[in-house]
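Participant: Have a look at the structure that comes next, please.
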Amino acid sequence: MHTRDLIQFLAELSENNNRAWFVMNKPRYDILRLEFLELVTKLIPVVGKFDPEVANCNPRKALFRINRDMRFSRDKSPYKTAFSAAITASGLKKPSQGGGPAYYFHVDANGVLLVAGGEYMPPPDRLKTIRQHVVADAAGFSKVLRNKRLKDTFGDLQDEGKLTRPPKGFDADTPHIEYIKMKSFIVWNETSLKDGIPADLGKELVAGFRDAFPLVAWLRQAK
């Protein structure tokens, strides 16, 4: 994948986020999109070696669309300024669709590569199930949090949107209450590709996904 060309395209798109510019540059987009699809297509069977659940994920369905959903947004920019994909066992990307835990990555207009694993802002019923699983399998969740590879690569779980008080139905002294307050159960890290693009981006992504696997596998048990 021509990563520098992708970053350049996205940077220009962020400055010209309108349909006229996009139509004029559609041939560039089509080439970059195809390269991105090829990358994801190659990733899936490699990730499937340590996580067979995702081996049959459809790479075309794993890619997110470039078009933004503007219906409920004040920002009426028609296009996203990142190329992104989510590899899941269900083949569904979005938490609202019941996609479940995912291996996610994107490259954005600032040249940032984000690599993630877990569930980001799942819908209320799914979030409640995960929280209940934390209580029911406190020891297993502790083991995930202590996993050396996960900690070394990602640190702790992301606490974006974390509640200040325990959610309804959970006491303040419940084990792992600080994690139960979270609205996402996901890890991620960000690196700047402007500082240097890995010789093998796919290999870099697979390594990150492998390190996130303990969390993804544990989340699948939450039913």
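Participant: Please go through the range 160-185 and give me each residue that is open to solvent by 40 Å² or more (accessible area, probe 1.4 Å) and either basic (Lys, Arg) or in contact with an Asp or Glu (Cβ under 6 Å, 6 or more places away or on another chain) (or both), ordered by number.
Facilitator: Of everything in the range 160-185, those that are open to solvent by 40 Å² or more (accessible area, probe 1.4 Å) and either basic (Lys, Arg) or in contact with an Asp or Glu (Cβ under 6 Å, 6 or more places away or on another chain) (or both) turn out to be Lys162, Arg165, Lys168, Lys183.
Rundown of residues vs (1) farther than 27 Å from Ala11 by Cβ; (2) modelled with pLDDT under 95; (3) outside any loop (DSSP other than H, G, I, E, B), yes/no style:
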{"residue": "Lys93", "(1), (2), (3)": "no, yes, no"}
{"residue": "Gly100", "(1), (2), (3)": "yes, yes, no"}
{"residue": "Phe105", "(1), (2), (3)": "no, no, yes"}
{"residue": "Asn110", "(1), (2), (3)": "no, no, no"}
{"residue": "Thr129", "(1), (2), (3)": "yes, no, yes"}
{"residue": "Gly140", "(1), (2), (3)": "yes, no, yes"}
{"residue": "Leu150", "(1), (2), (3)": "yes, no, yes"}
{"residue": "Pro167", "(1), (2), (3)": "yes, no, no"}
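Participant: Here is a follow-up. Suppose the filter is open to solvent by 20 Å² or more (accessible area, probe 1.4 Å), outside any loop (DSSP other than H, G, I, E, B) and within 24 Å of Lys49 (Cβ to Cβ); does Trp188 pass it?
Facilitator: Spelling it out, Trp188 is indeed open to solvent by 20 Å² or more (accessible area, probe 1.4 Å), outside any loop (DSSP other than H, G, I, E, B) and within 24 Å of Lys49 (Cβ to Cβ).
Participant: I need the full set of residues from the range 49-60 which are crowded, with 16+ Cβ neighbours inside 10 Å and without any contact (Cβ under 8 Å) to a residue 60 or more places away in the chain, in order please.
Facilitator: Val54, Cys57, Pro59
Participant: Give the residue that is modelled with the lowest pLDDT, with candidates limited to residues of the range 169-195 that are under 23 Å from Leu113 (Cβ atoms) and hydrophobic (A, V, I, L, M, F, W, C).
Facilitator: Step by step, filter the range 169-195, then rank; the result is Leu193.
Participant: Something else: Taking the range 12-43 only, how many residues are of a type in the set (Ser, Thr, Tyr) and touching a residue at least 60 places away in the same chain (Cβ under 8 Å)?
Facilitator: The number of residues fulfilling the criteria is 1.
Participant: Under the condition of being within 21 Å of the chain's Cα centre (by Cα) and open to solvent by 30 Å² or more (accessible area, probe 1.4 Å), which residue from the range 15-34 is farthest from His106 (Cα to Cα)?
Facilitator: Only one residue tops the list, namely Leu34.
Participant: Within the range 104-130, track down each residue that is closer than 17 Å to Ile186 by Cβ and of a type in the set (A, V, I, L, M, F, W, C).
Facilitator: Phe105, Val112, Leu113, Leu114, Val115, Ala116, Met121, Leu127, Ile130
Participant: Right, something else. Taking Val46 as the residue in question, decide whether it is touching a Pro at 6+ places or on another chain (Cβ under 6 Å), touching a residue at least 40 places away in the same chain (Cβ under 8 Å) and surrounded by 14 or more Cβ atoms within 10 Å (Cβ to Cβ).
Facilitator: So Val46 fails the test.
Participant: Here's something else I'd like to know. Going through the range 159-189 one residue at a time, which ones are free of Cβ contacts under 8 Å to residues at least 40 places away in the same chain, under 21 Å from Gln221 (Cα atoms) and polar (S, T, N, Q)?
Facilitator: Thr174
Participant: Check off (1) in a helix (DSSP H, G or I); (2) under 14 Å from Gly118 (Cα atoms) for Asp156 and give me the number that stays unchecked.
Facilitator: Unmet condition: (1).
The values are calculated or read from the model by the stated rules, or taken from the named source; none is laboratory data. Keep in mind it's a predicted model, so treat the numbers as computed, not measured. Please note: Cβ atoms are built from the backbone with ideal geometry, for glycine as well, and neighbour counts cover all protein chains shown. Accessible surface areas use protein heavy atoms only, side chains included; no ligands, DNA or RNA. Shrake-Rupley method; radii C 1.70, N 1.55, O 1.52, S 1.80 Å.
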